[in-house]
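Here's a structure for you.
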Amino acid sequence: MLKNPDLFRKTVAAAAMLAWPVLLGLAFLTSPPGTEHDPAVFRAGPVQVQASALLFLWATACLVPVILGLAHLLRARAPRTGNIGAAVALTGAVTATSLFMTDFYDLALALTLPDAQAARVTEVAGALGGFVYGILLPGFLLHVGLLVLLAGLAAVRRAPWWVPVAALAGTCGPFLTMGQPPAVQAIGSLFHLAAFGTVALKVLRMPVDDWRAA
């Protein structure tokens, strides 16, 4: 497979489409309870905090080959949609990966400083303009770009119409269930698995020549 670049890229793209929703679900399942980075909660479960942050990071990293694979499928039939969607999604993905590093810093603060002081540092850092406008908000471009790519695939009939709808439900789920137990928030990843898994299976079944000509 390594000697065949088209087969390799096709396989990696499909595997990443299957892997990232699974990693996302595990990240939610292992995430500490609550909507805030409470120092007491972080200090009570340092291994859990680190595991969840790493799983979120790996899930987001998996999206890079996913994005490139989706854009490849639009190369012939909707190149503008594919290029725009990929550019937006990649910008969001690269930016979003840095968001999960904050968990490690917040954990270190919780382990070394009084709760009030640790919480204050986290609050100040989270309000900095560079963080809000340079990292946090651009990270949401990931979702926008992915939906553009999936909508493009549905428009050119390379994916069922419900795929972008399911992905949208998966994206909105964690925000709508914020404050609920981690198992509830993880339900959104099942919608992503249905959406991206459908595309992944189609890519896996696709002959290499069809992938090359896509």
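Read-outs: derived from the displayed coordinates by stated rules, not from any lab. All of these numbers come straight from a predicted model, not from anything done at the bench. Positions of Cβ are generated from backbone atoms using ideal geometry, with glycine treated the same way; all protein chains shown enter the neighbour counts.
How are the Cα pair distances of the range 43-165 distributed, in percent, across 5 Å bins from 0?
2, 11, 17, 17, 15, 12, 9, 7, 6, 3, 1, 0
Compute, for the range 1-153, the length of the dipole vector about the Cα centre, with Cβ point charges of +1 (Lys, Arg) and -1 (Asp, Glu) only. Units Debye, rounded to 20.
Roughly 880 debye for the range 1-153.
Now for a separate question. In a Debye calculation with equal point scatterers on the alpha-carbon sites of the range 1-106 and no solvent, what is log10 I(q)/I(0) at q = 0.20 Å⁻¹?
Taken in order of the listed q values, log10 I(q)/I(0) reads -0.99.
Measuring from label point to label point, each 7 Å out along Cα→Cβ, what is the VAL144 to ALA40 span in nm?
Distance between label points: 3.9 nm.
Any idea what log10 I(q)/I(0) is at q = 0.15, 0.17, 0.22 Å⁻¹ for the range 13-66, Debye with uniform C-alpha scatterers and no solvent?
Taken in order of the listed q values, log10 I(q)/I(0) reads -0.44, -0.53, -0.74.
Let me ask something else about it. Mind checking which of ALA154, ALA15, ALA76 has the largest fluctuation in a GNM of the chain, springs on alpha carbons under 10 Å?
ALA76
Treating the angle as unsigned and between 0 and 90°, give the value, to the nearest 10°, between the Cα long axis of helix 79-97 and the longest Cα principal axis of the chain.
Tilt relative to the chain: about 20 degrees.
Can you tell me the 0 to 90 degree angle between the C-alpha axis of helix 5-30 and the longest principal axis of the chain, rounded to 10?
Rounded to the nearest ten degrees, it is 30.
Summing Lys, Arg as +1 and Asp, Glu as -1, what charge do residues with Cβ under 12 Å from the Cβ of ARG43 carry, ARG43 excluded? Spell out each step's value before the answer.
Working: positive: none; negative: ASP38, ASP106, ASP115.
Net charge around ARG43: -3.
Which order results if VAL124, VAL88 are arranged by neighbouring Cβ count within 10 Å, fewest first?
So the residues, fewest neighbours to most, are VAL124, VAL88.
Give me the Kirkwood hydrodynamic radius of the chain, using the inverse of the mean 1/r over all pairs of distinct Cα atoms, in Å to one decimal.
Kirkwood hydrodynamic radius for the chain: 18.1 Å.
Helix 46-73 against the longest principal axis of the chain: what's the angle in degrees, Cα atoms only, rounded to the nearest 10?
20 degrees
Would you mind classifying the range 134-201 by shape? Square roots of the alpha carbon gyration tensor eigenvalues, ordered a ≥ b ≥ c; an a/c under 1.5 is rounded, otherwise it is prolate if a/b is larger than b/c and oblate if not.
Cα axes put the range 134-201 in the oblate bin.
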